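See below for the structure under consideration.
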Amino acid sequence: MQDTRILMITGDYAEDYETMVPFQTLLACGYSVHAVCPGKKAGDSIATSIHDFEGAQTYSEKRGHNFTLNATFDDIRVETYGALVIPGGRAPEYLRLDPKVLAMVRHFFDADKPVAAVCHAAQLLAASGVLKGRTCSAYPACRPDVELAGGIYADIAIDDAVTDGKLVTAPAWPAHPAWLRQFMAVLAA
């Protein structure tokens, strides 16, 4: 394992499992993970939502946990981080409107650093202009975002993940084992 500090950009109504599971897993594996949200400081929390697959035409949504941020967004210097994690849920749809967030995401691609994105995080990748020619999985409703941004949508099983260079993506939280395994392999390379 390399000595990697990982930045997690998240926000209110990020998907609960897609925020808490990678955060705790990476910490348990010895990585330093800083979770931030625009407009919030270390010690503040975000509200999460739980998306479940219960047989309807799309996922259902329920209120999740309060997730405590451990770093202050305005203090972040992206050049000091070796990798980026972007959870899905509803947060990416409004985070993509923040120019500072978009610049942060672009930094990781411009510097060829590992990036893990799951589910609706593809909306943030698309808005950042980093998907052209890259293979990217996401929740199926985000396929147009990926393709309109010039990406190649990976239509894979909901419990699978895909790696394209240093970008690791997955359709939703059921892919955590594959997604995190692939991301940690990229981190270790």
All positions within the stretch 169-189 that are under 12 Å from the mean Cα position of the chain (by Cα), assigned to a helix (DSSP H, G or I) and under 18 Å from residue 135 (Cβ atoms): 179, 183
Number of the exception - residue 54 against (1) open to solvent by less than 20 Å² (accessible area, probe 1.4 Å); (2) of a type outside the set (Ser, Thr, Tyr); (3) on the phi < 0 side of the Ramachandran plot: (1)
Check on residue 111, of a type in the set (Gly, Ala, Ser), in contact with a Leu (Cβ under 9 Å, 6 or more places away or on another chain) and touching a residue at least 12 places away in the same chain (Cβ under 8 Å): no
Failed criterion for residue 151 (all others in (1) more than 25 Å from residue 16 (Cβ to Cβ); (2) surrounded by fewer than 19 Cβ atoms within 10 Å (Cβ to Cβ) hold): (2)
The stretch 119-138, residues that are in a helix (DSSP H, G or I) and more than 16 Å from residue 155 (Cβ to Cβ): 121, 123, 124, 125, 126, 127, 128
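Please verify whether residue 108 is surrounded by 18 or more Cβ atoms within 10 Å (Cβ to Cβ) and aromatic (Phe, Trp, Tyr), treating the condition exactly as stated.
Here the answer is yes, as residue 108 does meet what is asked.
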Residues located in the stretch 88-118, provided they are under 19 Å from residue 143 (Cβ atoms) and either modelled with pLDDT under 95 or assigned to a loop (DSSP other than H, G, I, E, B) (or both): 88, 90, 96
Test for residue 79: is it open to solvent by 50 Å² or more (accessible area, probe 1.4 Å), part of a helix (DSSP H, G or I) and farther than 19 Å from residue 6 by Cβ: no
Residue count for the stretch 149-163, restricted to those that are within 17 Å of residue 173 (Cβ to Cβ), assigned to a loop (DSSP other than H, G, I, E, B) and within 17 Å of the chain's Cα centre (by Cα): 5
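Rundown of residues vs (1) crowded, with 21+ Cβ neighbours inside 10 Å; (2) at positive phi; (3) of a type in the set (A, V, I, L, M, F, W, C), yes/no style:
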| residue | (1), (2), (3) |
| --- | --- |
| 6 | yes, no, yes |
| 15 | yes, no, no |
| 33 | yes, no, yes |
| 45 | no, no, no |
| 58 | no, no, no |
| 69 | no, no, yes |
| 87 | yes, no, no |
Conditions (1) assigned to a helix (DSSP H, G or I); (2) touching a residue at least 40 places away in the same chain (Cβ under 8 Å): number failed by residue 74: (2)
Enumeration of residues in the stretch 9-64 that are outside any loop (DSSP other than H, G, I, E, B), among the polar types (S, T, N, Q) and without any contact (Cβ under 8 Å) to a residue 40 or more places away in the chain: 24, 32, 45, 60
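Can you go through 144, 174 and tell me which one is out of contact with any Cys (no Cβ under 7 Å at 6 or more places or on another chain), surrounded by fewer than 19 Cβ atoms within 10 Å (Cβ to Cβ) and over 14 Å from residue 22 (Cβ atoms)?
So the residue among 144, 174 that is out of contact with any Cys (no Cβ under 7 Å at 6 or more places or on another chain), surrounded by fewer than 19 Cβ atoms within 10 Å (Cβ to Cβ) and over 14 Å from residue 22 (Cβ atoms) is 144.
The values are calculated or read from the model by the stated rules, or taken from the named source; none is laboratory data. Since the model is a prediction, treat every value here as computed from it, not as a measurement. Neighbour counts run over all protein chains shown; Cβ positions are idealised from the backbone, glycine included. Ligands, DNA and RNA are excluded from the accessible area calculation, which covers all protein heavy atoms including side chains. Shrake-Rupley method; radii C 1.70, N 1.55, O 1.52, S 1.80 Å.
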